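A.B. asks: Take this structure first; my questions come after.
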Amino acid sequence: MSAPAPPAPAPATAPALALENVTSGYQGTTVLRDVTLRVPAGGAVALLGPNGAGKTTLLRTVSGLLRPTAGQVYFDGAKVTALPAHRRVRLGLCDIPEGRGIFPSLTVRENLVLQSPRGREKQTVDVAVEAFPRLGNLLKRTAGTLSGGEQQMLALVRAYATEPRLVLVDELSLGLAPLVVDRLFEILTAMVERGTALLLVEQYVTRALELASEAYLLARGSVVFSGPAADLSDADVFEHYLSIDVGRDTAGQADDSGTPRRAPDE
Ligand code: ATP
């Protein structure tokens, strides 16, 4: 009797997100140049770089607000380069843009329900309140009247409660107190533990690198470092890569020092 055939190798899991040689920007302005980036399924990736490097432009290209002029975008292995933003949301993409991404004139409950899958509205509200109990007392409040930290928390638990495949987070903690930032990062961590993939643009570089397993560093629209987040934690490496921008054309590309914005306590 012949030996049984060895089991077929398990199919490799497609990354949650893949950008292949993407060039993108605004009318007449190329910002991203030949960017290749991957976010593993269920993994957390930090996207760092000086002001004006193109981080937000990259997130907008992933969410479908900008169409690449070259290259491809894949979501869970499927090409989505030409797919409009709302169709990407239906595939499980959730975008938390800088400036909160909530509807300020709607109530907290309406904000939660609006993003909920149909038929799961109550569950979405319950999960959100469980993750951030303070929201329980704020459900009837108009979202625009919440504090900055509460609005960010609402944007985040809204995403958490709807269990997307991939979340894009742009400068979630900007201007918030360290204690609020701690709570936001707890929820981000819980999201990743539940299997949601995360692409994180974050001014708190140290915290972003603690959460992420991999990191990409953008400078002037190009990837100048990609690898384990731990490698980038080494300050020498970090400064080395960022120094690429110092002394070059910094107009609209970097702040005066060429360094990324950092939180005051870092
Ligand atoms: P920051 O940390 O300051 O938010 P960033 O790395 O997110 O920076 P982007 O916001 O992507 O950088 O900006 C990259 C470049 O694109 C900058 O030169 C910026 O001036 C330009 N840019 C951004 N938005 C637009 C727009 N709507 N139209 C034209 N150019 C834009």
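A.B. asks: Quick test for you: out of ARG67, ARG87, pick the one residue that is loosely packed, with under 15 Cβ neighbours inside 10 Å and farther than 22 Å from VAL35 by Cα.
C.D. replies: Details: ARG67 fails: farther than 22 Å from VAL35 by Cα.
The unique qualifying residue is ARG87.
A.B. asks: Return the pairs, sorted by first residue and then second, in which the second residue is among the basic types (Lys, Arg) and buried (at least 18 other Cβ atoms within 10 Å of the Cβ), the first residue lies in segment 64-75 and is touching a residue at least 40 places away in the same chain (Cβ under 8 Å) and farther than 12 Å from GLY25 by Cα, the beta carbons are less than 7 Å apart, and the residues are 6+ apart or on different chains.
C.D. replies: Cβ pairs passing all conditions: PHE75/ARG88.
A.B. asks: Let me ask another. Tell me, which residue of segment 161-183 that is among the hydrophobic types (A, V, I, L, M, F, W, C) and closer than 19 Å to PHE103 by Cα is surrounded by the most Cβ atoms within 10 Å (Cβ to Cβ)? Full working, then the answer.
C.D. replies: At the first step, the residues of segment 161-183 found to be among the hydrophobic types (A, V, I, L, M, F, W, C) are 161, 166-169, 172, 174, 176-177, 179-181.
Adding the requirement that they be closer than 19 Å to PHE103 by Cα leaves 161, 167-169, 172, 174.
Working: ALA161: 22, VAL167: 25, LEU168: 26, VAL169: 28, LEU172: 26, LEU174: 17.
That would be VAL169.
A.B. asks: Using the structure shown, decide if ALA159 is under 14 Å from THR107 (Cα atoms) and assigned to a helix (DSSP H, G or I).
C.D. replies: On the way: under 14 Å from THR107 (Cα atoms): no; assigned to a helix (DSSP H, G or I): yes.
Criteria not met by ALA159.
A.B. asks: How many residues, within segment 204-227, are in a helix (DSSP H, G or I) and touching a helix residue (DSSP H, G or I) at 6+ places or on another chain (Cβ under 7 Å)? Before you say what the answer is, go through the steps one by one.
C.D. replies: Step one: filter segment 204-227 for residues in a helix (DSSP H, G or I), giving 205-211.
If we keep only those that are touching a helix residue (DSSP H, G or I) at 6+ places or on another chain (Cβ under 7 Å) too, we end up with 207, 209, 211.
Matching residues across segment 204-227 total 3.
A.B. asks: For segment 133-160, enumerate the residues that are touching a Ser or Thr at 6+ places or on another chain (Cβ under 7 Å) and surrounded by 22 or more Cβ atoms within 10 Å (Cβ to Cβ).
C.D. replies: ALA143, the sole residue that qualifies.
A.B. asks: Mind checking which residues of segment 24-58 are within 10 Å of the ligand (Cβ to nearest atom), of a type in the set (A, V, I, L, M, F, W, C) and surrounded by fewer than 22 Cβ atoms within 10 Å (Cβ to Cβ)? Break it down into steps so the answer makes sense when it comes.
C.D. replies: So in segment 24-58, the residues within 10 Å of the ligand (Cβ to nearest atom) come out as 24-32, 47-58.
Remaining after also requiring of a type in the set (A, V, I, L, M, F, W, C): 31-32, 47-48, 53, 58.
Listed by number, the list is empty, since nothing qualifies.
A.B. asks: Where the second residue is in a loop (DSSP other than H, G, I, E, B) and surrounded by 16 or more Cβ atoms within 10 Å (Cβ to Cβ) and the first is polar (S, T, N, Q) and lies in segment 22-46, which pairs have Cβ atoms under 7 Å and are six or more apart or on separate chains?
C.D. replies: If the second residue must be in a loop (DSSP other than H, G, I, E, B) and surrounded by 16 or more Cβ atoms within 10 Å (Cβ to Cβ), the pairs left are THR23/PRO68; SER24/LEU66; SER24/PRO68.
A.B. asks: Has segment 97-111 got at least one residue that is hydroxyl-bearing (Ser, Thr, Tyr), exposed (fewer than 14 other Cβ atoms within 10 Å of the Cβ) and not in a loop (DSSP other than H, G, I, E, B)?
C.D. replies: Here is the first cut: in segment 97-111, the ones hydroxyl-bearing (Ser, Thr, Tyr) are 105, 107.
If we keep only those that are exposed (fewer than 14 other Cβ atoms within 10 Å of the Cβ) as well, we get 105.
This time we only want the ones that are not in a loop (DSSP other than H, G, I, E, B), so: none.
Looking through segment 97-111, none of the residues is hydroxyl-bearing (Ser, Thr, Tyr), exposed (fewer than 14 other Cβ atoms within 10 Å of the Cβ) and not in a loop (DSSP other than H, G, I, E, B).
A.B. asks: For GLU163, indicate whether it is in contact (Cβ under 8 Å) with a residue 24 or more places away in the chain and away from the ligand (no atom under 16 Å from the Cβ).
C.D. replies: Details: in contact (Cβ under 8 Å) with a residue 24 or more places away in the chain: yes; away from the ligand (no atom under 16 Å from the Cβ): yes.
Yes.
Every number here is computed from the coordinates shown, using simple stated rules; none is lab data. Because the structure is predicted, anything quoted here is derived from the model rather than measured. Here the Cβ is made from the backbone with ideal geometry for all residues, glycine too, and neighbour counts use every protein chain on show.
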